[in-house]
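The values are calculated or read from the model by the stated rules, or taken from the named source; none is laboratory data. None of the values given here were measured: they were computed from a predicted structure. Quick reminder, even Gly has a Cβ in these numbers, built from the backbone with ideal geometry, and neighbours come from all protein chains shown. What goes into the accessible areas is simple: the full protein's heavy atoms, side chains included, and nothing from ligands, DNA or RNA. Shrake-Rupley method; radii C 1.70, N 1.55, O 1.52, S 1.80 Å.
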Amino acid sequence: MFYQISLSSQTKSCMPYQELMHCRVTNPSFLLKSKSAKHGKGGYKKSHATITNLWTKVPRNTNMENLRDNYLFPEICMREMEHIKKYPHAKLIRLGVGDTTQPIPYTISSVMSQYAQDLATTEGYSGYGAEQGNTELKKAIAETFYKNTGITSDEIFISDGAQCDISRLQMLLGSNISVAVQDPTFPAYVDSSVIMGQAGNYQERTGKYNSIVYMSCGPDNNFFPDLNNTPRTNVIFFCSPNNPTGYAASRKELEQLVDFAKNNGSIIIYDSAYATYIMDDSPRSIFEIPGANEVAIEVSSFSKFAGFTGVRLGWTVVPKNLCYSNGFPVIHDYNRIVCTCFNGASNVAQAGGLACLSPHGYKALRSTINYYMNNAEMMVELFTSFGLKVYGGRNAPYLWVHFPGSKSWDIFNEILEKTHILTVPGRGFGYKGEEFIRISAFAPKEAIYEASMRLKNHFHDTSDRYVLQC
């Protein structure tokens, strides 16, 4: 018999539910494997459950059973909670999960505040909006980000964020497609493919799924895949500037990618969530490349650009020229998906989005972006001074730091244990992420200064340092 397991709200918030997936509870006390055991430093601990109900007769989705480990960022959250419990008086510095830290500029937040207050009046109240989004906001996005690309406002769908749109696009495309991802890659591309049933069997030896094409993107190929040796797939997930490596693809590289998609009849799902952080002449949209409107969909977000990680606002561009193999326009099906699965982004959030794209709002946000990029520059100099090779940090708020010969979870654990600094292990982004850690520049400048001092003290102390000795 199966019994529901009741856990405290604090435990639920960061707990890796993967560990509970196969538990059959026969009494209130059961053994729960700790995550530290997985990495050779723990065992089993006894937990208590409250018995509340029996099994249903509904079979579990077999695609969910095919997921491995836990989604990366809740796992990081869980380890953070464990560290705080172990060191309750330590001042933890978070350079891991890419959550923004600087306040939303007043010129933007005041607009959202006023909109919310107006909802208390007869004149200011508004209910449902169009599922596709506020017309004025769509026009502002087209004018700000897609000028001279041919993209029009009626090809833009406003949403509650890029990650949600990735799942909607997966629903749009269905289970019977093949998928390619960059390696390393943002985990949502892979996990959503597994949930949809596109991924095939998991290979324990390599940590890969046999039906997903992993396009190696590392220092050896300048973080751009060798398309001459990449097999055809229906869909290509591509992120630039890349999360986690911070690399922004050049115009020539994106031209190659578009040509590759055209020759193979593939669709590129292009994630441009960090495009506003590009500081050189690298393209900020796939639609800057001629012909991309025939083979690409672009997802983007206000999260990292405007500090809307908690506000939730994004968009997806589906060009009218993009068609299936039978000539049917993809935009019509995506519109149906949106209208069926989504009631539209928050009116308050969309008012904030419009304020972001006003002259004063955009200027204020550029100042915040420069703030984060100054943090990144400081951290690049720091890790370079340790004799380490550092990638990224120039067109994106992420650093991709190489520790040759080391396992990324070991690096993560050592830095957390010795300096109380939270990072992200590269292995969480795929096989090619081993030996790397990702550093986020989304932090207060004071925290960057403090982190620099701690890391200097740690890496200059050769008596108690595992990583560099490797």
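Under 5 Å between amide hydrogens, which residues at least 5 positions from residue 389 or on another chain qualify, with H placed 1.01 Å from N in the peptide plane?
Close amide H contacts, sequence-distant or interchain: 402.
Given a Förster distance of 30 Å, report the FRET efficiency between residue 326 and residue 202 from their Cβ-Cβ distance, rounded to the nearest 0.05.
0.35
Which of the pairs 86/304; 85/304; 262/389; 147/262; 147/432 have their Cα atoms more than 25 Å apart in this structure?
Details: 86/304 31 Å; 85/304 30 Å; 262/389 36 Å; 147/262 23 Å; 147/432 36 Å.
Exceeds cut-off: 86/304; 85/304; 262/389; 147/432.
Among all the aspartates and glutamates, which ones have a C-alpha under 15 Å from residue 418's C-alpha, if same-chain residues fewer than 8 places away are not counted?
Partners within reach: 80, 82, 410, 450, 461, 464.
Averaged per residue, what accessible surface does the range 263-307 expose to a 1.4 Å probe, in Å²? If you can, show how the numbers build up before the last one.
On the way: 1180 Å² over 45 residues.
Heavy-atom SASA per residue in the range 263-307 reads 26 Å².
Give a residue-ordered list of calculated ³J(HN,Hα) values for the range 373-382 (Karplus: 6.51 cos²θ - 1.76 cosθ + 1.60, θ = phi - 60°; whole Hz; x for Gly, Pro).
Values, residue by residue: 5, 5, 4, 4, 4, 5, 6, 4, 4, 5 Hz.
Check which residues have an amide H placed less than 5 Å from residue 209's amide H, if you skip close sequence neighbours.
Placed amide hydrogens put 203 under 5 Å from residue 209.
Could you give each residue of the range 132-144 its phi-based ³J(HN,Hα) in whole Hz, using Karplus coefficients 6.51, -1.76, 1.60 with θ = phi - 60°, and x for Gly or Pro?
Coupling constants for the range 132-144: 7, x, 4, 4, 5, 5, 4, 5, 5, 5, 4, 6, 7 Hz.
Which values of log₁₀ I(q)/I(0), to two decimal places, follow from the Debye formula for the range 62-123 at q = 0.20, 0.23 Å⁻¹ with a uniform point scatterer at every Cα?
Per q value, in the given order, log10 I(q)/I(0) is -0.86, -0.97.
For the range 152-192, what is one quarter of the convex hull surface built on the Cα atoms, given in nm²? Walk me through the numbers before you get to the answer.
On the way: hull surface 15.4 nm².
Directional mean of the projected Cα hull area for the range 152-192 stands at 3.8 nm².
For the range 258-412, what does the alpha-carbon gyration tensor say about shape, rounded, prolate or oblate, given a ≥ b ≥ c as the root eigenvalues, a/c under 1.5 as rounded, and a/b over b/c as prolate? Before the final figure, lay out the partial values.
Numbers: a/c = 2.15, a/b = 1.41, b/c = 1.52.
Since a/c reaches 1.5 but b/c is at least a/b, the shape of the range 258-412 is classed as oblate.
Carbon and sulfur atoms: what percent of the 1.4 Å accessible area of the range 159-201 do they account for?
On the way: 600 of 1160 Å².
Here it works out to 52 percent.
Once you sort the root eigenvalues of the Cα gyration tensor of the range 122-244 as a ≥ b ≥ c, which label holds: rounded (a/c under 1.5), prolate (a/b larger than b/c) or oblate (the other case)?
On the way: a/c = 2.71, a/b = 1.80, b/c = 1.51.
Prolate.
Rounded to the nearest 5, what % of the DSSP beta bridges within the chain are antiparallel ones?
Numbers: 27 of 45 bridges.
The answer is about 60 percent antiparallel.
Tell me which residues come under 5 Å, amide H to amide H, from residue 218 once H is placed; ignore anything under 5 positions away on its chain.
Under 5 Å from the amide H of residue 218: 223, 224.
Ignoring everything except DSSP H segments at least 4 long, calculate the 222 nm mean residue ellipticity for the chain; use -39,500 (n - 2.57) per segment, divide by total residues, nearest 500.
Details: 15 runs with 169 residues, N = 470.
Counting only the DSSP helices, I get -11000 deg cm²/dmol.
Rank-order 59-67, 185-193 by packing density, defined as the average count of other C-beta atoms within 10 Å over each peptide's residues, highest first.
Values: 59-67: 11.2, 185-193: 22.2.
Ranking, from highest mean packing down: 185-193, 59-67.
Give me a comma-separated list of calculated 3J(HN,Hα) values for the range 308-321, in order, Karplus coefficients 6.51, -1.76, 1.60 applied at θ = phi - 60°, integers in Hz, x for any Gly or Pro.
Calculated HN-Hα couplings, in order: 8, 4, x, 6, 6, 7, x, 7, 10, 9, 10, x, 5, 7 Hz.
Explain nothing, just the number: dipole magnitude of the chain about its Cα centre with +1 on each Lys and Arg Cβ and -1 on each Asp and Glu Cβ, in debye rounded to the nearest 20.
Values: 44 positive and 42 negative charges, 282 e Å.
Computed charge dipole of the chain: roughly 1360 debye.
Whole angstrom only: what separates the Cα centroid of the range 58-101 from the Cα centroid of the range 288-309?
27 Å
Please work out, to two decimal places, the log10 of the ratio I(q)/I(0) at q = 0.23, 0.27 Å⁻¹ from a Debye calculation in which every Cα of the range 167-212 carries one identical scatterer.
For the range 167-212 at q = 0.23, 0.27 Å⁻¹, log10 I(q)/I(0) is -0.78, -1.04.
Compute the Kirkwood hydrodynamic radius of the chain, taking the inverse of the mean of 1/r over all pairs of distinct Cα atoms, and give it in Å to one decimal.
23.8 Å
With every protein chain left in place, what is the accessible area per residue of the range 335-470 in square angstrom, probe 1.4 Å? Don't skip to the end; give the middle numbers.
Numbers: 5510 Å² over 136 residues.
Per residue, the range 335-470 has an accessible area of 40 Å².
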